[in-house]
Amino acid sequence: MLQPVVPTPAPEPTVAPAVALVSERQSPAAASPVKRRWLEFKQPVSTRSKVLLGIAAWLLFLLGWHLAATSGGEANPLFPSPVSVSDALWNLFAERGFHSDVLASLQRILISFGLAVVVAVPLGILMGAFPAIEAFFSPLVSAFRYLPAPAFIPLLLMWLGTGDTQKIALLMLGVIWFLVTLICDTVKQTPVDFIETSRTLGGSRRSILWTVVVPSSLPGIVDTCRQMLAVSWTYLVIAEIVAATDGIGAMMMRARRFVHVDDIMAGILIIGALGLLCDLAFRGVYWLMFPYLRRR
Amino acid sequence: MSAALPALHSGLAVERLGKIFPRRDASVIAVENVSFQVEPRQVCILLGPSGCGKSTVLRMIAGLEHPSSGHINLNGNPVTGPARERGMVFQGYTSFPWLTVRENVAYGLRINGDVNAMREGTVDYYLDRVGLSRFADAWPHQLSGGMRQRVALARALATSPQLLLMDEPFGALDAETRWQMQELLLSVIRKERMTVVMVTHDVEEALLLGDQIVFLSSHPGRVRTILHPPFKADDAICTREALRSHPDYAGMERDILAMMHEEGSRH
């Protein structure tokens, strides 16, 4: 019974290359039965396709906008086409000194967000690290989180006047409570094993805070800041609607008075572009700060 | 109280240790009247079925839990909280992901004020002891589970603790890696002449590494028996194969497994 089986493996080495060649040639045919579909759960998309798909979405959006704006025959001043918006944008920068408005807005965002971070990061870390500190601040912070920042505009106008201080204060109020709560939650995620490891190695409370709790939650804190900076941009127009002479929002309110819809849309585009740049900058900082999280 | 203890000035003494976890309806007695001693340079294994409170005993020795009754003395000093003289290796992976392997091993020295930890040979020595010299600059997430536990072991050893505590350190590893790690640990313990208390539920691990096995019964955890396997003292036994071919091994393993089975089915 065994005899016919034994000789068969012997000639195999000579046959093997031929088999390999055949299988190589057949491989595309062999692969085809596996259906490759566009929409598949968790199926990664190549970088090239990702870029192409992203550009396609924008082109379709602009095309749709253009067709909708020009379909009526004559140009509608309340609904300008993308071409006239880009003309308006060029005009704003080239002839009407729009860059000083952009800089004023950018400065307000950066100062207010910087101040919010300076207060929220230490407070959030202490609240997340020590339940007693959380128990003290949490009821206060949670309550303030539900008060809409724009509701404070009349108070801020009376207390701080109509200058930059009032706008910076409003932008700060808009994000600081969320920053504190989100950072506190991030810090609470620090694995208890990390803290106990440090304690058994002789770590004091101070050194555990600085060498375990802070580095362990820092990536989450930077990510929270990135997301809350986007919220800060959404408050910008509200801050600059009232009693402002410069800034992107003030320009848009002036344009509304003269029904310059193309200028308003140009303002929206600039806010979007600046927000995107801030987001990219934060991603770059994240990449530089946390080399151990790259390419996981 | 400590005057009433027998005059034991070196090694670990655990005296009538008890731990009660208060609950709203009924308090849970996790550990009751546990006493044992560990001589310097001896390895003590806490063995028992799950739920016997062996990890709780270890955490009390580490100072991470406060005993409800009894006391713990190390080299004549009472244990009141965690300290670097009692280094611990946990079951989960505790390598800090934001530090390289070398920085992880240096961590204990650094937080104790030794800013030159990297330049001195200590860190490199322990990296070499656990066979990670080639991976000194890698990030923990690039390492396998066994390698991460070797980082944790080197980190705990680098601060030269008087007592090394290990809470099922190889429990999360696959069987093959676990044997390698047990053999590595055995050679490190022998070379460094460490005093060790280790929790496990792996009978083979207990027999390979222990000079003394404290067998705990479950619900509540009490000392059922204390065994003294001869294998770790015998320097000829340094692999799993050598352990298994020892004439006394099979009998001891059978007895312990029988006790484990009895405790496991006892409620």
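The values are calculated or read from the model by the stated rules, or taken from the named source; none is laboratory data. None of the values given here were measured: they were computed from a predicted structure. Because the Cβ atoms are built from the backbone with ideal geometry, glycine has one as well, and the counts that use them run over all protein chains shown. These area figures cover heavy atoms from the full protein model, side chains too; ligands, DNA and RNA do not enter into them. Shrake-Rupley method; radii C 1.70, N 1.55, O 1.52, S 1.80 Å.
Some points to look at:
- Listed by position, the strands (runs of 3 or more DSSP E) enclosed by the stretch B:9-49 that each have at least 2 residues that are modelled with pLDDT of 85 or more, out of contact with any Pro (no Cβ under 8 Å at 6 or more places or on another chain) and open to solvent by 30 Å² or more (accessible area, probe 1.4 Å) are B:12-21, B:28-38.
- Of everything listed in (1) in a helix (DSSP H, G or I); (2) more than 14 Å from chain B (Cβ to nearest Cβ); (3) open to solvent by 20 Å² or more (accessible area, probe 1.4 Å), the single unmet condition for A:Leu179 is (3).
- Scanning the stretch B:61-97 for residues that are facing another protein chain (nearest Cβ under 7 Å) and either assigned to a loop (DSSP other than H, G, I, E, B) or of a type in the set (A, V, I, L, M) (or both) turns up B:Ala62, B:Leu64, B:Pro82, B:Ala83, B:Arg84, B:Met88, B:Phe90, B:Gly92, B:Thr94, B:Phe96, B:Pro97.
- As a summary of the residue check, B:Thr122 satisfies the conditions (1) among the polar types (S, T, N, Q); (2) away from every other protein chain (no Cβ under 11 Å); (3) closer than 28 Å to A:Arg206 by Cβ; (4) crowded, with 24+ Cβ neighbours inside 10 Å except for the one numbered (4).
- Some residue of the stretch B:197-207 being in contact (Cβ under 8 Å) with a residue 12 or more places away in the chain, in contact with a Cys (Cβ under 7 Å, 6 or more places away or on another chain) and within 14 Å of another protein chain (Cβ to nearest Cβ): yes
Residues checked against (1) assigned to a loop (DSSP other than H, G, I, E, B); (2) more than 19 Å from B:Ser55 (Cβ to Cβ); (3) more than 14 Å from the chain's Cα centre (by Cα); (4) polar (S, T, N, Q):
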| position | (1), (2), (3), (4) |
| --- | --- |
| B:Tyr125 | no, yes, yes, no |
| B:Ala152 | no, no, no, no |
| B:Pro161 | yes, no, no, no |
| B:Leu164 | no, no, no, no |
| B:Leu173 | yes, no, yes, no |
| B:Trp179 | no, yes, yes, no |
| B:Glu183 | no, yes, yes, no |
| B:Met194 | yes, yes, no, no |
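- Of the numbered criteria (1) open to solvent by 70 Å² or more (accessible area, probe 1.4 Å); (2) without any contact (Cβ under 8 Å) to a residue 40 or more places away in the chain, the one A:Gly73 fails is (1).
Each row is one residue, and each column tells you yes or no for (1) surrounded by fewer than 16 Cβ atoms within 10 Å (Cβ to Cβ); (2) within 14 Å of another protein chain (Cβ to nearest Cβ); (3) free of Cβ contacts under 8 Å to residues at least 40 places away in the same chain.
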residue	(1), (2), (3)
A:Ser232	no, no, no
A:Thr245	yes, no, yes
A:Arg256	yes, no, yes
A:Val261	no, no, no
A:Ile264	no, no, yes
A:Ile268	yes, no, yes
A:Pro291	yes, yes, yes
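- The single residue among A:Arg226, A:Arg205 that is charged (D, E, K, R) and within 24 Å of B:Thr56 (Cα to Cα) turns out to be A:Arg205.
Here's the yes/no breakdown for (1) among the basic types (Lys, Arg); (2) at the interface with another protein chain (Cβ under 9 Å from one of its Cβ atoms); (3) farther than 30 Å from B:Pro161 by Cα; (4) surrounded by fewer than 21 Cβ atoms within 10 Å (Cβ to Cβ):
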residue	(1), (2), (3), (4)
A:Val175	no, no, yes, no
A:Thr200	no, yes, no, no
A:Ile208	no, yes, no, no
A:Gly220	no, no, yes, yes
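- When residues in the stretch B:143-170 are screened for being more than 16 Å from B:Arg84 (Cβ to Cβ) and surrounded by fewer than 16 Cβ atoms within 10 Å (Cβ to Cβ), 2 of them pass.
For every residue, the table says whether it meets (1) in contact with a Pro (Cβ under 7 Å, 6 or more places away or on another chain); (2) of a type in the set (A, V, I, L, M).
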| position | (1), (2) |
| --- | --- |
| A:Thr224 | no, no |
| A:Ala230 | no, yes |
| A:Gly247 | no, no |
| A:Phe282 | no, no |
| A:Phe290 | yes, no |
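- Of the residues making up the stretch A:249-257, none is farther than 19 Å from A:Val121 by Cβ, outside any helix (DSSP H, G or I) and out of contact with any strand residue (DSSP E or B) (no Cβ under 9 Å at 6 or more places or on another chain).
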